[in-house]
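Down below is the structure, laid out as structure tokens.
The values are calculated or read from the model by the stated rules, or taken from the named source; none is laboratory data. Small disclaimer: the values here were computed from a predicted structure and weren't measured. Positions of Cβ are backbone-derived with ideal geometry, glycine not excepted, and every protein chain shown enters the neighbour counts. Surface accessibility is based on the protein's heavy atoms, side chains included, excluding ligands, DNA and RNA. Shrake-Rupley method; radii C 1.70, N 1.55, O 1.52, S 1.80 Å.
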Amino acid sequence: MIRGLRVNAPPAVRIKNWRDDVNKRAGFALACLLGCTTAGAAAPADQAARLGKDLTEVGAERAGNKEGSVPVYVGKGAFAPAMLKMTRAQLEDLRKRLVKDIQGMVGDPAVTADILTQAQAIMDAEPAKAKQVLAVVRAMLSSDASLKADFDKVLAGRGGKSVDGLLGQVESGKLKLPQIKDDIVAVITELKKGGGDAFMSRMVAAFDVGRVLEIVSIIDDPKTRVQANALVMKYMPAYVKGFLDYKTPGSTAGALDSIKPLYVITQANLKEHEAQLSDGHKAMFKTYPDYKMIVFPSYRNAFFPDEILKATVANATSATLTGTDEIKGAKLGFPFPVPTSGAEPLWNHKLKFRGSAVKRYNNQAIVKPDGTYKISKLVEDVKFKYANLKEPAEIQTGGLFAYYLQEVLEPPRVAGQVILVHETAGNPGLTRNAWIYSPGLARVNRAPDVGYDNPSIGSDGEQFNDQIDVFNGALDRFDWKLIGKKEVLIPYNSWMLNSPTFKYKDVIRPGHINQDLARYELHRVWVVEATLKSGQRHRFGKRRFYLDEDSWAIAVVDCYDNRGELWKVQEAHLLTIPFIPTVSGIPETIYDLQSKRYFVTTMTNEDAISDFEVKYEDSMFTPSALQKKARAK
């Protein structure tokens, strides 16, 4: 638990039940309210007319809630113009510079002197809080006995000093913080000699984000808080501020407001917040005593290219869905901005704009209950045939909407394995064609089982093929019900979790990822429930999806086994990527509540920036091209 943060003041809860919304959505048939998916008609004209007005072009409610905990939609306007124009080369340069810049800043004598001087002024202004802050600092150092021992070893050579001795003198007033500047610089300089990355990981582990936020929360005097905020912003690299400083019309809030937590949910105050949590998240709290959610102000900054928005509005009255997988009349944009059946939101997720093509470097891990893991490295080449601004086309029955080529780089036992997938929209059971090259066989074969609940490569059964990208593939084995909208806490604006300053060992923890790095916000979501059809086979008997209303990205999934027991919990840590622009889940996690293992995928902290400027020809994604690629190995 993060002491000092107010956890006894739950935010207002406003659940919008679909049945209560019937009058607003006059003209929707009863079958649609029940989630019927045998045939989906285009949205009624009066509902489609709301798009771009009180609804955004993609169908979200533009207004916030009356309590203000869900703000008004902002979209593109949340970002500074420079953020919209960033190139991959610029991003890659920033990625490489960030760690070096922060390492250079930590321990710099001038920076250290300034920080200590300002910190002493804050302590003098709020003496009652000084002891609380020092107690947190002691806790930080005590969390890593070897780190504290290394500090003491360096300090002992500087006149027999020690960490506890210096802190005691500061607390008693015998020493002022600026007076220990040289000792701090000496300690950090010595630790850096062991290697920059190792040094940063040790510092991250001890002086973790949760404890830093705890210190920030203790400072509650407005003047000293402004002083502390200004100090943080002064030394934050300028290029980092752009990823945090979201603009809100009529608001004077700055970047530090966006990273100031509102409250923290723990086991101790879980009941106060259960109404805004999925069943899966509630189970995480009950399964893992140290699990927590740090909740931040909500920012509705999802947006897509203007061409996508214009096409989405047109699709509202032309796109139809027959059964669960046969779409007609959709072109370029989201097909169903005003959904009338349970399967339609899933198709919005599957067909959302993600750029026209991408080369992605994907790192994933199966994490055992004790926190041990091994990293698998993949390279994924994707070309989107639908929602492709360079080749706009209407989706056709049985037509391709994506090419996917995956090569395994690590671990060595499966390195060199390549999978080619053609994703189509069509009749049940005919939505995917796949081929696989295995180095052991040295040939390309059709892959008949790359779908549904067949395990994905490298996941040891902790991820099914239809859980890649949270959900993909055919919908035909389930009945889909549109439950409606609800305000739910979901992972959002997850830049910190993806920062290159954190290594995978900083992210991965026993039981679950490092929740001090995860950011949760209150958003309106569409809730969709999928129930396995009688006579069909799947290891999940039921799934409940929570889709962000502003992007149609799936944020959370509760997965039940065929006994009706909650089995797995999926999360996609959403973030708006303004220079594409799209919304993506990075990373994604799948928690197995039965085995206590978890699977984390799409981690990018230690790898190059995904290439969203790449261009691919269709000919790269043919079985013959795969065979040629295999022969070249």
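Which members of the range 152-205 meet the condition of being part of a loop (DSSP other than H, G, I, E, B) and either on the phi > 0 side of the Ramachandran plot or at pLDDT 85 or above (or both)?
Those that are part of a loop (DSSP other than H, G, I, E, B) and either on the phi > 0 side of the Ramachandran plot or at pLDDT 85 or above (or both): 157, 158, 159, 160, 161, 162, 173, 174, 175, 176, 195.
Is there any pair linking a residue in the range 92-111 that is within 23 Å of residue 604 (Cα to Cα) to one that is aliphatic (A, V, I, L, M), with Cβ under 8 Å and at least six apart or on different chains, and which?
Pairs that qualify, where the first residue is within 23 Å of residue 604 (Cα to Cα) and the partner is aliphatic (A, V, I, L, M), are 92/608; 92/609; 95/608; 95/609; 98/240; 99/200; 102/200; 103/200.
Please specify each residue of the range 374-395 satisfying the condition of being buried (at least 19 other Cβ atoms within 10 Å of the Cβ), of a type outside the set (Asp, Glu) and under 30 Å from residue 504 (Cα atoms).
376, 378, 382, 383, 384
Which of (1) within 20 Å of the chain's Cα centre (by Cα); (2) open to solvent by less than 50 Å² (accessible area, probe 1.4 Å) does residue 360 not meet, given it meets every other one?
For residue 360, the failing item is (2).
Select from the range 611-633 the residues that are under 30 Å from residue 373 (Cα atoms) and open to solvent by 30 Å² or more (accessible area, probe 1.4 Å) and list them in ascending order.
611, 612, 633
Here is a list of conditions, (1) open to solvent by 20 Å² or more (accessible area, probe 1.4 Å); (2) touching a residue at least 60 places away in the same chain (Cβ under 8 Å); (3) assigned by the TED database to the domain that holds residue 555, and residue 292 meets all of them except one; can you say which number that is?
(3)
Of all residues in the range 349-373, how many are outside any loop (DSSP other than H, G, I, E, B) and of a type in the set (Gly, Ala, Ser)?
2
Is there a residue being open to solvent by 20 Å² or more (accessible area, probe 1.4 Å) and either aliphatic (A, V, I, L, M) or in contact with a Lys or Arg (Cβ under 7 Å, 6 or more places away or on another chain) (or both) anywhere in the range 536-556?
Yes: one or more hits.
With 52, 59 as the choices, which residue is under 30 Å from residue 341 (Cα atoms), touching a Ser or Thr at 6+ places or on another chain (Cβ under 9 Å) and open to solvent by less than 50 Å² (accessible area, probe 1.4 Å)?
Result: 59 is the single residue among 52, 59 that is under 30 Å from residue 341 (Cα atoms), touching a Ser or Thr at 6+ places or on another chain (Cβ under 9 Å) and open to solvent by less than 50 Å² (accessible area, probe 1.4 Å).
Across the range 303-343, what is the number of residues that are touching a Leu at 6+ places or on another chain (Cβ under 6 Å), open to solvent by less than 10 Å² (accessible area, probe 1.4 Å) and not in a loop (DSSP other than H, G, I, E, B)?
Total meeting the criteria: 2.
Quick check on the range 75-86. Is at least one of its residues charged (D, E, K, R), touching a residue at least 24 places away in the same chain (Cβ under 8 Å) and open to solvent by less than 30 Å² (accessible area, probe 1.4 Å)?
No: the range 75-86 contains no residue that is charged (D, E, K, R), touching a residue at least 24 places away in the same chain (Cβ under 8 Å) and open to solvent by less than 30 Å² (accessible area, probe 1.4 Å).
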